[in-house]
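I have placed the structure first, in the form of structure tokens, so that the comments after it can refer back to it.
The values are calculated or read from the model by the stated rules, or taken from the named source; none is laboratory data. Computed from a predicted structure; not experimentally measured. As a convention, Cβ positions derive from the backbone with ideal geometry for all residues, glycine included, and neighbour counts pool all protein chains shown.
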Amino acid sequence: MAIDPTLRDALSAVTPASLARALTRAGVKAFSPRGLSARSSNSAIGTAYTLRMIPARDDAAGDLAAAIDAVPEGAVVVIDAAATGLALPFGAILSARLAQRGAAGLVTDAALTEEIGLPNWSAPPRGTGALALVGTQQPVACGGAAIHPGDIVVCTEGGIVALPVGIAERIALEAVEQQRLDLWIQREVERGESLAHLLPPDAAAMARFQTETKPV
């Protein structure tokens, strides 16, 4: 599903921290993968396309090639590797195909042992063994976060958040407003104002914020 351009612009304008605060206020839990490192300086925004992988045994596994070929353009591929840190099989080859498919990025709690030509976030390598595909387009756990197919995933060097699609627009607007308020509070502090009335802002501070930042 394509993301509305206005929503994409709003999500691009805020930090993962601002989105996280808005999600927390909305009562959403387990929305941010932990322990993953950005392997590139790029950011990515897209709807989640999920794969689930587990340590391989001798029995048959799912068709990983077919799953990759089904990834829609603009998706952020989220691979749940059971927090193993095992190496993603054929990482460079798979990522090349994902890039060709137009994927926006890759998020996984598997390890990527090769540089890939796609914005990506992965776990440090741990242990030895192979991974096998056991599910596609299912709710997954990645880096301790719950990510559902179709969630809007926002990835930057500063963090990753997954927004339930039904509330994504409201969360984005709240995050934009929160970031405006944070910038205003920072300017007030730099002007010498006391934190006593700014953290959190009291009624008088909020009134000044609204007056001073009101569009002309």
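Here are the numbers for the structure shown:
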| read-out | value |
| --- | --- |
| Filter result for ALA132 (over 30 Å from THR6 (Cβ atoms), outside any loop (DSSP other than H, G, I, E, B) and in contact with a Pro (Cβ under 8 Å, 6 or more places away or on another chain)) | yes |
| Residue count for the range 122-146, restricted to those that are among the hydrophobic types (A, V, I, L, M, F, W, C) and either surrounded by fewer than 15 Cβ atoms within 10 Å (Cβ to Cβ) or not assigned by TED's automatic domain parsing to the domain that holds VAL107 (or both) | 1 |
| The range 177-216: number of residues that are among the hydroxyl-bearing types (Ser, Thr, Tyr) and either over 31 Å from the mean Cα position of the chain (by Cα) or loosely packed, with under 10 Cβ neighbours inside 10 Å (or both) | 2 |
| Residue check, VAL189 of a type outside the set (Lys, Arg) and in the same structural domain as LEU88 (by TED's automatic domain parsing) | no |
| Any hit, the range 151-162, residues being out of contact with any Asp or Glu (no Cβ under 8 Å at 6 or more places or on another chain), among the charged types (D, E, K, R), in the same structural domain as GLY46 (by TED's automatic domain parsing) and farther than 25 Å from ASP69 by Cα | yes |
